[in-house]
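Take a look at the structure below.
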Number of protein chains: 2
Amino acid sequence: MEIFYIDEDKHYVAIDCIIFGFDAGELKLLLLKRKFEPAKGEWSVMGGFLKREESLDEGARRILLQLTGLTDIYMEQLQSFGDVNRDPGERTISIAFWALIKVNDNDIKLAKTHGAQWVSIEKIPQLIFDHNNMVQKGLKTLRNKIVTKPIGFELLPEKFTLPQLQSLYEAINQEQMDKRNFRKRILETGLLDKMEEKEKQSSKKGAYYYMFNKEKYRLFAEMGFHFQMKAKKDSLIKGNCQV
Amino acid sequence: MEIFYIDEDKHYVAIDCIIFGFDAGELKLLLLKRKFEPAKGEWSVMGGFLKREESLDEGARRILLQLTGLTDIYMEQLQSFGDVNRDPGERTISIAFWALIKVNDNDIKLAKTHGAQWVSIEKIPQLIFDHNNMVQKGLKTLRNKIVTKPIGFELLPEKFTLPQLQSLYEAINQEQMDKRNFRKRILETGLLDKMEEKEKQSSKKGAYYYMFNKEKYRLFAEMGFHFQMKAKKDSLIKGNCQV
DNA sequence: CACTCAAGTGTAATTGAAACACTTAAATTT
DNA sequence: AAATTTAAGTGTTTCAATTACACTTGAGTG
């Protein structure tokens, strides 16, 4: 079989996954302590080596499955990282993916056995190698993507309230939005189906649950979609100048 | 050195470059006939294997240099392609880049010695492997990118006219724009410096040359930029529904 | 029964984008 | 030298989308 490219170099190829979750009003990252050398014990994103017989997507799904026990995860390729000395062990090319998971769905125990932990994106520690770069790139990509695809739903439980959805958008963009404008705009897309049931944890009055309409979602995925709002005047959560 | 990952698989890693140019009012792609097996003689984008001692960017620049003789090329990573059987020769992962070059700057002779040829994006032939996929993804990325970064200049000669610039935008987006709105919007960005000289090839009256202002360009690259216009009513160049 | 807390709701003002047609400059033709 | 041709150049009005903004409602708590 190896008849064509015999003189060319071969490389280790890793897959690294930036895993986002949303919990308690915060956008979070699933991080873990690396269990092998080099850099054993330091914080990193979840990764593994690409195997001979699997595609990039398959590799990423395998790694996500290992960590979370979940098979049906929203996932996209982010970018490849290939500086010669990025991995001090050996020259390794990393193909990074980003993924969105519903924190409640997640089998936390499984993640725990890997030493994994949810960390707020506002408190990301020093990570190994170029993983902080990957995370920043992932965040940027997520922020861009959510404008043109309603992927917020991938981070929420099946039933959710409008205040929850708004707080998710605010957590992702690190800026507050006007409640009336947000509700108007998101409802007029038709993406949300109102339930009769109310969520009563976070207020006395209770907020109606919604589910997102999978038909409309598919439609928008094909036809295109645009959902963006300026932040409330004088209310950037941080000194955060997004572009 | 090879002490850490000895049990892991290694892979051939290729770099493939989608090279865009603009000439005669058309957006073009630099394609070439493959000079080695497998698929020798078929159309492909320019590529090569990643070497042990070079980063991804360095690899891409080496390949662009080989083909065009140019060192200072606008270039971005596109995406990695890693289906197990994408290359019928052997399992090879390709990391694709896209690049913009000024056709006139290009040492055409050098490209010719590689059997390279500019092909309009409206007439892209069947390419080897998954290269047609790469090209489509590259086009999509270029179309998205030009909204938020004024990279059109990378495709034009140093001095260019407003009609030329508009025709570039129209070629990229495959739709016609209103002349008055286009000029107004692009001029009010301040990105363009008007020259005293006129271009006289394409009209009797002649059109003023402009150069783009590098200071402002840098500023916009940092601060963010947005330039998008709807197509002229009833004037899509093709039945092209862009999203 | 008063109070508290977050959920829920509509309109006016402003801004930004799109639509639209004639004049000008210079070369070419008669 | 006058008439014709060709593409360049130029402002204003209209319309649509987004933003700003404040009070009422419902239900649990003390």
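Filtered by the rule that a residue be within 16 Å of DNA strand D (Cβ to nearest atom) and under 22 Å from the mean Cα position of the chain (by Cα), segment A:191-202 gives a lone residue, A:Leu191.
Among the criteria (1) more than 8 Å from DNA strand D (Cβ to nearest atom); (2) at pLDDT 95 or above; (3) over 12 Å from B:Leu162 (Cβ atoms), the one B:Lys205 does not fulfil is (1). Would you check if A:Gly138 is open to solvent by less than 10 Å² (accessible area, probe 1.4 Å) and within 18 Å of A:Lys216 (Cβ to Cβ)? Against the criterion (open to solvent by less than 10 Å² (accessible area, probe 1.4 Å) and within 18 Å of A:Lys216 (Cβ to Cβ)), A:Gly138 does not qualify. Counting only strands (runs of 3 or more DSSP E) that sit completely within segment A:26-125, those holding 3 or more residues that are out of contact with any Pro (no Cβ under 9 Å at 6 or more places or on another chain) and either of a type in the set (Ser, Thr, Tyr) or within 10 Å of chain B (Cβ to nearest Cβ) (or both) correspond to A:74-81, A:92-100. Scanning segment B:158-176 for residues that are more than 24 Å from B:Ala231 (Cα to Cα) and buried (at least 17 other Cβ atoms within 10 Å of the Cβ) yields nothing.
Counting residues in segment B:4-14 that are surrounded by fewer than 21 Cβ atoms within 10 Å (Cβ to Cβ), β-branched (Val, Ile, Thr) and within 14 Å of chain A (Cβ to nearest Cβ) gives one or more.
Among the numbered conditions (1) more than 10 Å from DNA strand C (Cβ to nearest atom); (2) loosely packed, with under 15 Cβ neighbours inside 10 Å, the only one that B:Lys233 does not meet is (1). Out of curiosity, is B:Gln201 in the same structural domain as B:Glu76 (by TED's automatic domain parsing) and either within 25 Å of A:His226 (Cα to Cα) or within 16 Å of DNA strand C (Cβ to nearest atom) (or both)? No, not satisfied. Applying the criterion of being touching a residue at least 40 places away in the same chain (Cβ under 8 Å) and crowded, with 18+ Cβ neighbours inside 10 Å to the residues of segment A:177-195, the residue that is nearest to DNA strand C (Cβ to nearest atom) is A:Phe182. Each residue in segment A:174-190 was checked for being under 22 Å from A:Leu27 (Cα atoms) and either more than 14 Å from DNA strand D (Cβ to nearest atom) or within 14 Å of chain B (Cβ to nearest Cβ) (or both), and 1 of them qualify.
The values are calculated or read from the model by the stated rules, or taken from the named source; none is laboratory data. This one's a predicted model, so the numbers in the text were calculated from it and none came from an experiment. When we count neighbours, we look across all protein chains shown, and the Cβ atoms used for this are built from the backbone with ideal geometry, even at glycine. Just so you know, the surface numbers come from the protein's heavy atoms only, side chains and all, with ligands and any DNA or RNA stripped out. Shrake-Rupley method; radii C 1.70, N 1.55, O 1.52, S 1.80 Å.
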